[in-house]
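The values are calculated or read from the model by the stated rules, or taken from the named source; none is laboratory data. Just so we're clear, the structure is a prediction, and the values are computed from it rather than from any experiment. Positions of Cβ are backbone-derived with ideal geometry, glycine not excepted, and every protein chain shown enters the neighbour counts. Accessible surface areas use protein heavy atoms only, side chains included; no ligands, DNA or RNA. Shrake-Rupley method; radii C 1.70, N 1.55, O 1.52, S 1.80 Å.
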Amino acid sequence: MKKAMVLSLIFLVIFLAKSQADTLYLKNGRSIEGLIKSQDEETIELGVCQGVIKFDKNEIERIEKSAPQEAQAIRLKWERQIVQAQQRLEKQQEEEERMPKKVEFFQAGQGIILNVTLNKKVEAALVLDTGASLVMLRKGMAKKLRINLDKVKPDIKLTLADGRKIDAKYIVLESVKAQGVDAENVEAAIMLEEAGEINFGDGLLGMSFLGRFNFKVDQKEKKLILEKF
């Protein structure tokens with residue numbers, strides 16, 4: 001049984017390799033291979049791997065057509081080529097995503113400020129804070145994000161840098177994006193009262209975002225360098 005399967009696979013590979021597509025020989029000396037999809041009195045549509053080319057019949061010298069079995073083999077070959085091309089593209093995209101990205105920041109006093117986009121629609125200026133476990137947002141950001149705080153559960157307590165505890169609402173942001181570098185499903189908290197040490201911007205960019213990356217601060221170029229794990 002196994003031997004028969006192996007022989008069948010060998011035959012299929014040989015058949016695919018030798019299969020011929022429909023060939024249009026043009027009057028200008030060129031030839032185009034594909035599969036004829038349709039034709040009328042004036043035109044022919046030739047299917048190629050990822051598209052269709054339309055020819056006027058007066059451009060064509062002659063046509064060599066493939067057998068039905070050959071046409072099916074060509075379609076299988078094209079399907080395989082499309083899958084392989086998609087896999088190469090996905091791999092390239094993954095590699096590009098993992099390359100270090102440089103995000104510009106500016107400073108206010110001792111704070112490093114980054115402009116970010118929350119949930120793909122709300123702009124915010126957040127202070128980089130490696131001591132904050134979550135992205136922390138001022139209460140006013142809830143309205144911009146269209147979050148009804150009365151309906152948000154659970155309530156949580158946040159411990160600030162000076163040891164004070166404040167009430168907050170736990171949320172999960174759909175996305176946090178900083179100049180092309182984004183993270184999805186980012187844990188965050190909306191503070192229900194003002195925190196004195198947050199003296200600039202709309203909140204803190206904490207480790208629920210930063211922890212998705214290897215990161216370092218380039219003070220000379222004013223860039224935050226982020227690299228996905």
Amide proton proximity set for Gly201, modelled H, under 5 Å, gap of 5+: none
statement: Percent relative contact order for the stretch 137-218, counting Cα pairs under 8 Å at least six residues apart, stands at 29 percent
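On the protein heavy atoms, probe 1.4 angstrom, tell me the percent of accessible surface of the stretch 94-148 carried by carbon and sulfur. Intermediate results must be reported in sequence, preceding the final value.
On the way: 1550 of 3300 Å².
Accessible surface attributable to carbon and sulfur in the stretch 94-148 totals 47 percent.
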query: If the cut-off is a Cα-Cα distance under 19 Å, which aspartates and glutamates reach Lys153, setting aside same-chain residues fewer than 8 apart in sequence?
result: Asp167, Glu174, Glu187, Glu193
query: Tell me, what HN-Hα J-couplings in whole Hz come from the Karplus equation 6.51 cos²θ - 1.76 cosθ + 1.60 at θ = phi - 60° for each residue of the stretch 55-64, using x for Gly and Pro?
result: 10, 6, 5, 6, 8, 9, 7, 7, 10, 10
query: If you count, for each residue, the other Cβ atoms within 10 Å and average over each peptide, how do 81-87, 186-192 line up from highest to lowest?
result: 186-192, 81-87
- prompt: If the cut-off is a Cα-Cα distance under 20 Å, which lysines reach Lys77, setting aside same-chain residues fewer than 8 apart in sequence?
  reply: Lys18, Lys37, Lys65
task: Return the subset of Lys121/Lys157; Lys139/Lys223; Lys120/Lys223 for which the Cα-Cα distance in this structure is over 25 Å, preserving the input order.
output: Lys121/Lys157; Lys139/Lys223
message: Let's test this: bin the Cα-Cα distances of the chain at 10 Å from zero up to the farthest pair and state each bin's percent.
response: 7, 22, 18, 10, 10, 15, 14, 5, 0
message: Quick check for you: with a 1.4 Å probe and neighbouring chains kept, what is the accessible area per residue of the stretch 38-122, in Å²?
response: 72 Å²
task: Return the sequence-ordered ³J(HN,Hα) values of the stretch 166-182 in whole Hz as given by the Karplus equation 6.51 cos²θ - 1.76 cosθ + 1.60 applied to θ = phi - 60°, using x for Gly and Pro.
output: 10, 7, 8, 10, 7, 9, 10, 6, 4, 7, 10, 10, 10, 6, x, 9, 10
message: Need one value: the accessible area of Lys77 in square angstrom, 1.4 angstrom probe, rounded to the nearest 10.
response: 70 Å²
statement: Interchain or sequence-distant (5+) residues whose placed amide H lies within less than 5 Å of the amide H of Val103 are Leu224, Ile225, Leu226
statement: Interchain or sequence-distant (5+) residues whose placed amide H lies within less than 5 Å of the amide H of Phe213 are none
- prompt: Ignoring ligands and nucleic acids, what accessible area does Thr130 show with a 1.4 Å probe (Å², nearest 10)?
  reply: 80 Å²
message: Quick one: 3J(HN,Hα) in Hz for the stretch 34-42, Karplus 6.51/-1.76/1.60 with θ = phi - 60°, rounded, Gly and Pro as x.
response: x, 10, 5, 8, 7, 7, 9, 5, 10
